[in-house]
Amino acid sequence: MKVLNAIAIVLLSFAFGPAHAQAPSDPQIAGIVVTANQIDIDAGKLAVANTKNNEVSKFAQQMITDHTAVNNQAAALVKKLNVKPEESDTSRSLMGGAKDNMTKLHGLKGAEFDRAYIDHEVAYHQQVLDAIDKVLIPNSKNAELKDLITKVRPAIAAHLEHAKMVQSSLKK
Amino acid sequence: MRGKSILSAAALAAALGAPPVQPAGKPHTVTIEGMKFAPERIEVAVGDTITWINKDFLPHSVTAPAARLESGDLASNQSWKFSARKKGEIDYICRLHPVMRGVIVAK
């Protein structure tokens, strides 16, 4: 849950305005985008390797495909803009949290693994969606970076609904 | 014989560099953008042709197993056509993102 906590802390700090938190720069936003996508790609790969549930497997494979496509778009844009994605406290917290989540998932099997993976995907996509709306889009200064994040938003929203659909099927 | 005549006419037209014979019926377009089919519900007449064009950067599909409708994966800017051959409603989804839904109503 540390990944989610990291995003929550960022959101809370920005909710109190710029006096309480420094807005991320465009290179830092690019770094957060790439990190957030890579985290979901890695979790998806673990799920594809571990799950025996067809719905969970299809969802996880789609997360790998879609988040890889987003990162390819981001890589092409930063190359075009000659911007190097930078680490930030947020991206470092995300990576730390992701490591904890992966450790937890590695210790689970079968239905327990499926539930933990999907529950985390639901919470993670909701938090990423909130971060896009409250932090990443409002603070992106470059129009093309803002446009990329705006275009990615519907995919994150669809992933959230898809994850909820799979979560619901696991409870039956 | 009639089929042969049509084929011969099409072959002749192709040989002469004429445009290919267009399918009968009115054309319609469904745009796939922002993880949505737009319009989500499309009403057409039997024989009309619907073209789906994927304007997202992620691949999508037009899939309705019950109606044996399957576009395959449509990459960005790729399109796919379908002609309604009988009256009725077809509920379809994107196989890759099953929360994306649409309806074809053929009248």
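Taking the options A:Ala131, A:Ala157, A:Ala143, name whichever one is over 25 Å from A:Val48 (Cα atoms) and within 13 Å of the chain's Cα centre (by Cα).
Step by step, each of A:Ala131, A:Ala157, A:Ala143 is checked, and only A:Ala131 is over 25 Å from A:Val48 (Cα atoms) and within 13 Å of the chain's Cα centre (by Cα).
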| request: Kindly check whether there is at least one residue in region A:132-139 that is farther than 22 Å from B:Asp56 by Cβ, buried (at least 21 other Cβ atoms within 10 Å of the Cβ) and in contact (Cβ under 8 Å) with a residue 24 or more places away in the chain. | output: yes
| request: Answer with yes or no whether B:Ala75 is small (Gly, Ala, Ser), out of contact with any Cys (no Cβ under 7 Å at 6 or more places or on another chain), within 26 Å of A:Lys164 (Cβ to Cβ) and within 14 Å of another protein chain (Cβ to nearest Cβ). | output: no
| message | Please verify whether A:Ala123 is modelled with pLDDT of 90 or more and farther than 17 Å from A:Ala163 by Cβ, treating the condition exactly as stated. | response | no
| query | Conditions: (1) buried (at least 17 other Cβ atoms within 10 Å of the Cβ); (2) closer than 19 Å to A:Gln167 by Cβ. A:Pro85 meets all but one. Number of the miss? | reply | (2)
| task | Filter region B:22-39 down to residues that are away from every other protein chain (no Cβ under 14 Å) and surrounded by fewer than 16 Cβ atoms within 10 Å (Cβ to Cβ) and give me whichever is modelled with the lowest pLDDT. | result | B:Gln22
| query | Here are some residues: A:Ser91, A:Ser168. Which one is assigned to a helix (DSSP H, G or I), among the hydroxyl-bearing types (Ser, Thr, Tyr) and within 14 Å of another protein chain (Cβ to nearest Cβ)? | reply | A:Ser168
| Is it the case that A:Ala98 is surrounded by 17 or more Cβ atoms within 10 Å (Cβ to Cβ) and either in contact with an Asp or Glu (Cβ under 9 Å, 6 or more places away or on another chain) or over 30 Å from A:Asp147 (Cβ atoms) (or both)? | yes
| said: Contact list please: Cβ distance under 8 Å, first residue in region B:63-84 and surrounded by 13 or more Cβ atoms within 10 Å (Cβ to Cβ), second residue at pLDDT 95 or above and among the basic types (Lys, Arg), pairs at least six apart or on different chains. | reply: B:Thr63/B:Arg95; B:Glu70/B:Arg95; B:Ser76/B:Lys55
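The values are calculated or read from the model by the stated rules, or taken from the named source; none is laboratory data. Quick caveat: nothing in here was measured; it's all calculated off a predicted structure. Note: ideal-geometry Cβ built from the backbone for every residue, glycine included; neighbour counts use all protein chains shown.
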